[in-house]
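The values are calculated or read from the model by the stated rules, or taken from the named source; none is laboratory data. Predicted model, so just to flag it, every value in this text is computed and none were measured. Here the Cβ positions follow ideal geometry from the backbone for every residue, glycine too, while neighbour counts run over all protein chains shown. Each accessible area value is taken on the protein alone, full model and side chains, heavy atoms only, with ligands, DNA and RNA left out. Shrake-Rupley method; radii C 1.70, N 1.55, O 1.52, S 1.80 Å.
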Amino acid sequence: MSNPLKLTRKALFTAGEIRRLEALSVQQANINTYALMERAGRAAYECLIARWPGATRVVVVCGHGNNGGDGFVVARHLITNGIGTALVMVGDLSKLSVDAQEAYNQFRDAGGEVLSFDTNVLSQADVVVDALLGTGVSRDIQGAYRQAIVAINACQGPVLAVDIPSGLHADTGKVMG
C-alpha cells in the first residue's frame, strides 16, 4: 500500500495530517465525509458503552460543526439502544455543517430533541459527551462556547471527549482561552 502522505508509523498525528487522511479516504476509498462522521460517532458510542456500561443518563454537548455532528451520531445510538439521553446544543442549529445537518436529521428521526445549553442538565448525567469543538480550534474560545467548556470541566462525573477535549489546540495541547 502506498503512503501518499509520507507518514511514518506513530501514535499521534497533527490536525493537518488527519484532514489529509480524511481527504484521501474520500478520494481513494470512495468514502463520503458523512460516512466518516458515522464511523467516528459509532466508535465514540462504543467507547462510552465499554467504559461506562452502567450509564443510564448521558448528556451530549454539541456545537454546530462536524464534531457536533459526531455528537448527534453518538446521541442517536444511545437513544436507539434505550439509554436516557439529553442533547444540548451550543450555537445555532441553522449553522450546522452539511454533514452535521444530516446527523441531526437522523438523530431527530430517531426521536431525539435538542435542548438549549443549561448547566443543570450536566449535573444529572452519569457521563457527559463533549462534542462541542474538534481539532480545528485555532483561536481563543469566548462567549457561550467558553461557558460550556467551563461547565463541562466542572462536571463531577466522567467526560468523554470526541476527537479532543473542547478548547485545546489539537497540535500543541495549548488551552485556547
For the residue pair ARG146 and THR172, what label-to-label distance in nm results when each label sits 7 Å from Cα along the Cα-to-beta-carbon direction?
1.8 nm
Surface share of carbon and sulfur [accessible, 1.4 angstrom probe, percent] for the chain
50 percent
Per-residue HN-Hα couplings for the stretch 159-167 [Karplus 6.51, -1.76, 1.60; θ = phi - 60°; Hz; x = Gly/Pro]
10, 9, 8, 7, 6, 7, x, 4, x
Interchain or sequence-distant (5+) residues whose placed amide H lies within less than 5 Å of the amide H of VAL129 are VAL59, VAL60, VAL61, LEU160
Å² per residue, accessible surface of the chain at 1.4 Å:
55 Å²
DSSP-defined antiparallel bridges as percent of all bridges, the chain, nearest 5:
5 percent
Karplus-derived 3J(HN,Hα), 6.51/-1.76/1.60, for each residue of the stretch 57-63, Hz, glycine and proline x:
9, 10, 10, 9, 9, 10, x
Given 4 °C, 1.567 mPa s and a Kirkwood radius over Cα pairs, the Stokes-Einstein diffusion coefficient of the stretch 24-177 in µm²/s is 84 µm²/s
Computed helical MRE - 222 nm, the chain, DSSP H runs ≥ 4 contributing -39500 (n - 2.57), nearest 500
-13500 deg cm²/dmol
